[in-house]
Amino acid sequence: MKTKTSKIIYWSGAIFMSLWFGASGFFELTKNPVVWDITRQLGYPPHFIYILGVFKLSGIAVLLLPNRLLRLKEWVFAGMFFDIIFAFFSKIAVLGFPATIDAIVAFTVLSITYLMYRKIYPPKLIFEEI
């Protein structure tokens, strides 16, 4: 696969995940009843919902910066993976498998995006950034 194709796939995935996590973070911070009801139903306390919202919006700000903060982007990807995995298992335990479809889609898109990120920015480049 050519570098141009990898970049197109990466940026498409990064924008999709930014919209996904941006909407989620916004709804968590603005106390959207649907998001808050589901999150409370899963057993998470209110202060945790606010923290998630702040971290999600901060993460997408880093993710959308081109060619900067590459090492921090690794942490953003890790945080997104943890969020999706925890959401998947929380939903499967409380709401059942049909409620996990969004987590499966997000995990798939994020995995492909991260693979393209690693192809565009190999570890040597990331750790020599500073």
Pairs to check: 7/91; 7/124; 2/124; 56/119. Give those whose C-alpha atoms are more than 22 Å from each other in this structure. 7/91; 56/119
Taking 0.36 nm per intervening residue step and subtracting the Cα-Cα distance, what contour gain separates residue 15 from residue 126 on full extension? 37.9 nm
Calculated [θ] (222 nm, deg cm²/dmol) that DSSP helices of n ≥ 4 give over the chain, each run adding -39,500 (n - 2.57): -27000 deg cm²/dmol
Report the residue, chosen from 56, 31, 73, that carries the largest GNM mean-square fluctuation when the chain is represented by alpha-carbon nodes joined by springs under 10 Å. 31
Calculated Kirkwood radius over Cα pairs in Å (choose from [x] 15.5; [y] 18.4; [z] 14.8), label: [x]
Where the only charges are on Cβ atoms (+1 Lys, Arg; -1 Asp, Glu), what is the dipole of segment 5-130 about its Cα centre, to the nearest 20 debye? 240 debye
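Quick note: the coordinates plus some simple rules give every number you see, no bench work behind them. Remember, it's a predicted structure, so these values are computed and weren't measured experimentally. Note that each Cβ is placed from the backbone with ideal geometry, even for glycine, and that neighbours are counted across all protein chains shown.
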